[in-house]
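Quick note: the coordinates plus some simple rules give every number you see, no bench work behind them. Worth saying up front: this structure is predicted, and the values here are computed from it rather than measured. Ideal geometry is used to build each Cβ from the backbone, glycine not excepted, and the neighbour counts take in all protein chains shown.
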Amino acid sequence: MARLNVNGAVRDCQAEDDTPLLWVLREQLGLTGSKYGCGVAQCGACTVHIDGVPTRSCVRPLASVDANQKIITIEGLSRDGSHPVQKAWAALDVPQCGFCQSGMIMAAVALLKDKPKPTDADIDEAMTNICRCGTYNRIRAAIKVVANGGDTKSAALAIQHADGSVA
Amino acid sequence: MNIAHLPRGIVAALAEAPATEVSRRNFLRASVAAGGGLMVAFNVPMMGEAVAQQGAGVEVQAWVVVHPDDRVVIRIARSEMGQGTLTGLAQMVVEELDADWARVTTEYPTPGQNLARNRVWGNFGTGGSQGIRQSNDYVRRGGATARMLLVQAAADAWGVPAADCRAASSVITHVPTGRTTTYGKVAAAAAKLPAPTTVALKDPKDWRLVGKRMARLDTVDKTTGKQVYGMDLVLPGMLNAAIKDCPVFGGKIRSIDAAAIEKRPGVRKVVRVGETAVAVVADTWWRAKSALDALPIVWDEGPHAKASSEAFAKVLKEGLDAPQAVVGNQNGDARAAIAAAARKIEAVYSYPHQNHATMEPMNATARYTPGRCEVWCPTQNGEAALAATAEASGLPAAKCDVYKQLLGGGFGRRGQSDYVRQAVLIAKEMPGIPVKLIWSREEDMLHGMFHPVTQCKMTAGLDAQGNITGVHMRISGQSILASVAPQAIRDGRDPVVFQGLNASGPEAAIGYSFPNLLIDHAMRNPHVPAGFWRGVNLNQNAIYLESFIDELAHATRQDPLALRRKLMANHPKHLAVLNAVAQRVGWDQPAPAGVFRGLAQTMGFGSYVAACAEVSVNKDGHLKIHRIVAATDCGYAVNPQQIEAQVEGSFVYGLSAALYGECTVQDGRMVQENFHTYPVMKIDEMPKVETVIVASGGFWGGVGEPTIAVAAPAVLNAIFAATGKRIRDLPLKHHNLAAA
């Protein structure tokens, strides 16, 4: 029996020590927002925060995480999608298929915490996740929107939302 | 559970199901305590969820369900895989329905319901960028029909002529008196009325929703982790399966030692899947995969155990000059013109195998009982998945159904149902127990339906003044249809091979006129299965033709744009997008210092596209793609911001392929097994993309694919401008661009 601190709650789980954290989250704790894309820390779809550090959970053995370390998954970022990064993502219609976006958002949140006004080079360095649909430019735009305090109009995409707002 | 609004097909299916079946569906909505005191939420999107959660709605028309509180649910037959079709198709229906867009949601009917209702929703196939261009007419008619029925119902209730009533934003107004009612209030009455015999569609100039930059309907859940993909599905009592198919195509299992892993924790069963594959079923996927990795398997590698890309390249090379070939397009006598020419230009190109590499590896969940087989899966072709389910289960299709899950990428790969068949065969070994099959990334890379491999010899004859007198384009290589639909091949002809090169037609016509032209194909098929890979054959055809046009411009000392304009005089729509690109990029002005430009244009999937790439290559040979300007004429532009997203995405897909994409066969199997050996473009390499939408109207063209084809040739032509190096074999990673 292992004990994990996930999204602010202590959770018990049963899995072999070498089970990757990703699969414990997905299969033991029902947190399927973190995705399996490669299993070898290449694509970043499994990115979660461990004590604030963006971590590729697909190669992180369960035994290497203890109950004192605080794990945050996409589900724990906000109760209702209201984290500024999530709001920017929604306003700019960033996702296409969306499968990589949990990991992208977790990587972006960590970047913006570290560097609230990231340069393009900062974004290039921090955002090493893979997207096959090709949302990179909107990801970059959404990160800049957050850095601009949530001014979605600065992205100039003129997207018309159902509530009448224009991003 | 209120099932009043459900299509008859599912009502019948539910009626046939035992009582526990219905209660099971409700049960799935709840969170239940699972082993170890953990709370596990079951989340099973399927038809009927809207009903269970939202109360009664009424099917006014097959595409339109209206709830008493005026919420509107639009049925979508095509699959959402990121391309935005849920939103685009809903815009089309709601445009004619005149419903309140803020209260619109969507749902998938199932392929089983479509079958039971005489295919009322038409084709479920989602490929070839055809979602909007092939169904726009009938989904708009569905919306218009529903609006007419709703208005008629209101008019009947008021005892007034329908002609005196008008509808807007789900409100019906009797114009002479100003009385109003809403769609929700008259939906039940409308559903009982006979459908009108004539349905008129709006004039495009009157569109209010189509053509607008509407936000997608499916975004928010993708930002919170709430969106359930096929891989995320959890059913009560579900087990998980991992699979290995013989890594050598055409091979099979010789022996396995199941006893070696059967006692591992969580393992329930080792299942042979046909002659070629073995699956391990366990309580969790990680345990299934770990056990499978430990399973001793001896393969019979079959007749292709020694096959290699290198050997096959020789077969393709032979095809370049083979006397026999199938003609795809010709005018005049190109061979004679070239033979008599003052000067001959020749170039040979090649394009490798590539994997789709969707972010979500293949997966499907199946539940089999002797009386019914159900599958939950991400698929681009729900009806093909249903057929595969029926075939693999041995049950009639009427006793099967497929619940489509959102796709974590498709790109053509999920038009095939191989993984569905596997899941059903595994579930059949464990009746009554739902089994979720997930492919590892390695399995996904080894068992793709690969981009076809081809070579091409381009030959042109020039007269003494440098005018082109004849062009011969010989394509040698793999046919996709030979792999996925061999019955469609007649006399060695695969018509899809000539995508973008046809003499005429609304789908994919060549944009140049030559006095003498011959385009032919020598089919050479390796043992590697080929599939439709986003952009399909347009990808390599545009690289071959557009690179060669640039080579001709260089050889005759002409500006690449000027030569194209000359050759495209009779192809005004092709030329218009090229001109739009040239204007936006400022072709008549020099590029920034150290930056070089390349052009490309083509037509495919019913749309005209062109691009200009601006690149630089430093002294170490490092390529940087700074900016892309791309133009698309798709006729009518349904949602411009989504077209821009598709165009940008096309460059990621097309440039990933050009820079890195290669699957190499060695010893009969694919060498590349994951993203470290099959790299793709990341954000740091992504250029700025400026999209010019040239909506010339009058036709409906596809958007998801055509632009991919101009990504590589525009960059290759820019690299030539920058370095003088003509890259004729992809991927670029093999080439040193540094100055010699």
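Tabulated values for the structure
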quantity: Paramagnetic reach from B:R565 in region B:501-515 [backbone N under 20 Å; point 7 Å along Cα→Cβ]; calculated: B:511-514
quantity: A:S64, B:S350, B:S607 arranged by Cβ crowding within 10 Å, fewest neighbours leading; calculated: A:S64, B:S350, B:S607
quantity: Shielding by partners - mean other protein chain Cβ count within 10 Å, residues of B:644-654; calculated: 5
quantity: Exposure proxy ranking, count of Cβ atoms within 10 Å, fewest first, for B:M449, B:M430; calculated: B:M430, B:M449
quantity: Footprinting exposure proxy for A:T47, B:T691 (fewest neighbouring C-beta atoms within 10 Å first); calculated: B:T691, A:T47
quantity: Chain B, relative contact order in percent, only Cα pairs under 8 angstrom and at least six apart counted; calculated: 13
quantity: Inter-label distance, nm, simple model (7 Å from Cα along the C-beta direction), A:M1/B:A503; calculated: 7.9
quantity: Span-rule helices in chain B, defined as complete DSSP H runs reaching 20 Å or more along the axis (Cα) with Kyte mean at least 0.5; calculated: B:708-723
quantity: Along each principal axis, Cα extent of region A:2-76, largest first, Å; calculated: 28, 24, 20
quantity: Calculated log₁₀ intensity ratio I(q)/I(0) where the Debye formula runs over C-alpha points of the protein assembly as shown, q = 0.05, 0.09, 0.11 Å⁻¹; calculated: -0.29, -0.96, -1.42
quantity: Contour excess over end-to-end distance, with Cα ends at B:A485 and B:H735 and 0.36 nm allotted per residue; calculated: 86.4 nm
quantity: Test item: Cα-centred dipole of region A:84-155, Lys/Arg +1 and Asp/Glu -1 on Cβ, debye; calculated: 180
quantity: Average projection area in nm² (convex hull over Cα atoms of region A:84-155, one quarter of hull surface); calculated: 4.0
quantity: Cα-centred dipole magnitude for chain B, charges only on beta-carbon of K, R (+1) and D, E (-1), debye, nearest 20; calculated: 340
quantity: Separation of alpha-carbon centers, region B:86-149 and region B:506-534, rounded to whole Å; calculated: 33
quantity: Rounded to whole Å, sorted largest first: equivalent-ellipsoid semi-axes of chain B, Cα gyration tensor; calculated: 45, 36, 21
quantity: Under 10 Å, Cβ to Cβ, from B:S440 - net charge with Lys/Arg +1 and Asp/Glu -1; calculated: -2
quantity: Per-selection Rg to Rh, region B:375-468 - Cα, Kirkwood hydrodynamic radius; calculated: 1.32
quantity: Cα→Cβ-extended label distance, 7 Å offset, between B:K192 and A:N148, nm; calculated: 5.5
quantity: Surrounding net charge for B:G382, when Lys and Arg each add one and Asp and Glu each subtract one, Cβ distance under 10 Å; calculated: 0
quantity: Environment charge of B:F411, counting only residues whose C-beta is closer than 10 Å and scoring Lys/Arg +1, Asp/Glu -1; calculated: +3
quantity: Top positive-direction residue, dipole computed over chain B with Cβ charges, set B:G511, B:A153, B:A610; calculated: B:A153
quantity: Positive dipole terminus of the protein assembly as shown, leading residue within B:G122, A:G37, B:N381 (C-beta point charges); calculated: B:G122
quantity: Nearest-ten-degree value, helix A:101-114 long axis tilted from longest Cα axis of chain A; calculated: 80
quantity: Viscosity 1.306 mPa s, temperature 10 °C, Stokes-Einstein D of region A:1-149 from Kirkwood C-alpha radius, µm²/s; calculated: 103
quantity: Efficiency of FRET from Cβ geometry, B:Q465 and B:R726, R₀ 30 Å, rounded to 0.05; calculated: 0.80
quantity: Rough spin-label spacing in nm, given labels placed 7 Å along Cα→Cβ, for B:S696 and B:R335; calculated: 3.5
quantity: Region B:178-298 - convex hull of alpha carbons, volume per residue in Å³; calculated: 321
quantity: The protein assembly as shown, helix-only ellipticity at 222 nm - DSSP H runs n ≥ 4, -39,500 (n - 2.57), divided by all residues, nearest 500; calculated: -9000 deg cm²/dmol
quantity: Gap separating the Cα centres of region B:329-402 and region B:442-492, nearest whole Å; calculated: 16
quantity: Chain lengthening between B:H527 and B:T180 when straightened (0.36 nm per residue, less Cα-Cα); calculated: 118.3 nm
quantity: Computed FRET value (nearest 0.05) for B:T369 with B:R272, which takes r as the C-beta separation and R₀ as 30 Å; calculated: 0.90
quantity: Charge dipole magnitude, Cβ of K and R +1, D and E -1 - region B:641-729, Cα centre, debye nearest 20; calculated: 280
quantity: Added length on full extension, which subtracts the Cα-Cα distance from 0.36 nm per residue, B:K306 to B:R117; calculated: 63.1 nm
quantity: Region B:604-637 versus region A:78-118: alpha-carbon centroid distance in Å; calculated: 28
